[in-house]
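J.: My questions will all concern the structure given below.
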Amino acid sequence: MTDMTPKERLFNALNDRPIDRIPTFCSGCSQTVTVESMEAIRVYWPEAHRDPGKMAELSRSTYDLTGLEVAGVPYCLSIEAEALGCYTDFGSKRDSIPQITGTPYTDFDEVVVPEDLLMAKRVPVILEAISILKERVGDTLPVVAGMTGPFTLAGHLSGIEPMLKGLIRKPDKYMGFIQLATEIGSIYGKALMEAGADVISIADPSASSDIISPRMFRGIVKPAIARIVEAIGGTSFLHICGNCTPILGDMAETGVNSISISDKVDARQAKGLVSGKAKITGNISTTVTLLLKGPEDVREECRAAIEAGVDILAPSCGISPVTPNRNIIALVDSARIHSLPSAGVP
Ligand SMILES: [Zn+2]
């Protein structure tokens, strides 16, 4: 059992097979690298956002330098919206995460879908970075591809505020944006899998229960995510930021293998609500504990999360790029120190 690779450990945990300890992972809002790691290997943002070789090298550095058991791309939730013509700000600094800053569209039938989506803007960069990672670390590390959830992508295309208001006043117009985002997500998610990703991590921060009602999630977002999960046809995680306790059961019913929860969710309660439908990944605070506190605080929070029953120990969202590596190392140490072998281990 000591020879278990991170990839085996993760897939064993997902499939109720024996594990030697709890796996660590990151499936939040698609961000797994730090400026400290960039400086250590001399590969930096913003260049690595557009260069598949640099992206793969940087993604690999997370495991090499911190032990966090993941090789994840990309570092943002802007790939699909940029490919569809939304305005994107890449920033100029080593800690700049690309952001969607606006949309040229007021109606869904105006959206210009590229003839070959898989060749548009940074989509080929991501597909190539996945193939490189698959070849270099794919036997041992899970290669994770993050993608934008359908509600968030629809918000990028239509403007999130008009969409939130419009779904009540002009539902047909905004359902058009959501249907388009679902089709794009289905094509893109399948392509990520075919490029060699072991896991697809769908992040839909705009669908948080802090923003929309559980009823709206059930009626609009849940079926859209379920369609994308079906199109992906492989292992998938679903991450939604904030306190999503009211929709955890629905999130699990989309067919994903694991729900990635934020630190606003009570892990023990989450376990009960999801009840065997999906594994719980999380939920160590990225904005407070990992970013601002020290290794001791991280270990304490990890101990509590493991005791509460998280199946996969992970940051609560995408990692802030200015997180100190020592805190990520403390998270990985906690998995080794605090977790007990599963009952099935010989
Ligand atoms: Zn998040």
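Computed from the coordinates by the stated procedures, all read-outs in this text should not be read as laboratory data. Worth saying up front: this structure is predicted, and the values here are computed from it rather than measured. Cβ sites come from the backbone with ideal geometry, for glycine too, and all protein chains shown count toward neighbours.
J.: Would you list which lysines come within 27 Å of residue 293, measuring only between C-alpha atoms, while excluding same-chain residues fewer than 8 positions from it?
T.: By straight Cα distance, residue 293 reaches 93, 264, 271.
J.: Then there's this: Given H placed on each backbone N at 1.01 Å, which residues far from residue 236 in sequence or on other chains put an amide H within less than 5 Å of it?
T.: 200, 257, 258
J.: Quick one: what are the phi-derived ³J(HN,Hα) couplings along segment 234-248, Karplus 6.51/-1.76/1.60 with θ = phi - 60°, whole Hz, x for glycine and proline?
T.: Each residue's phi maps through the Karplus curve to give x, 6, 9, 10, 10, 10, 10, 6, x, 8, 9, 3, x, 10, 4 Hz.
J.: Quick query: amide H of residue 87 versus all other amide H atoms, modeled in the peptide plane; which residues come in under 5 Å with a sequence gap of 5 or more or a different chain?
T.: Here the answer is 101, 102, 103, since their amide H atoms fall under 5 Å of that of residue 87.
J.: A further question on this structure: Each residue of segment 6-18 in order: what ³J(HN,Hα) in whole Hz does its phi give by Karplus 6.51 cos²θ - 1.76 cosθ + 1.60, θ = phi - 60°, with x for Gly and Pro?
T.: x, 5, 4, 4, 5, 5, 5, 5, 5, 10, 6, 9, x
J.: Where the only charges are on Cβ atoms (+1 Lys, Arg; -1 Asp, Glu), what is the dipole of segment 6-338 about its Cα centre, to the nearest 20 debye? Each step should come with its number before you reach the end.
T.: Working: 33 positive and 41 negative charges, 107 e Å.
The calculation lands at about 520 debye.
J.: Let me ask something else about it. Distance in nm between label sites at residue 277 and residue 94, each 7 Å beyond Cα in the beta-carbon direction?
T.: 4.4
J.: With labels modelled as points extended 7 Å from the Cα through the Cβ direction, what inter-label distance (nm, one decimal) is found for residue 308 paired with residue 87?
T.: 3.9
J.: Amide H neighbours of residue 72 under 5 Å, at least 5 residues apart or on other chains, H built in the peptide plane: list them.
T.: For residue 72, the qualifying residues are 144.
J.: How much length would be gained if the chain were fully extended between residue 16 and residue 226, taking 0.36 nm per residue of separation minus their Cα-Cα distance, in nm to one decimal?
T.: 73.4 nm
J.: On to the next question. So, by mean Cβ neighbours within 10 angstrom, what's the order for 47-54, 307-314 with the highest one leading?
T.: Working: 47-54: 18.1, 307-314: 21.4.
For the peptides 47-54, 307-314, the packing ranking is 307-314, 47-54.
J.: Identify which of 43, 112, 274 has the largest mean-square fluctuation in a Gaussian network model of the chain, with springs joining Cα atoms closer than 10 Å.
T.: The residue with the greatest mean-square fluctuation here is 112.
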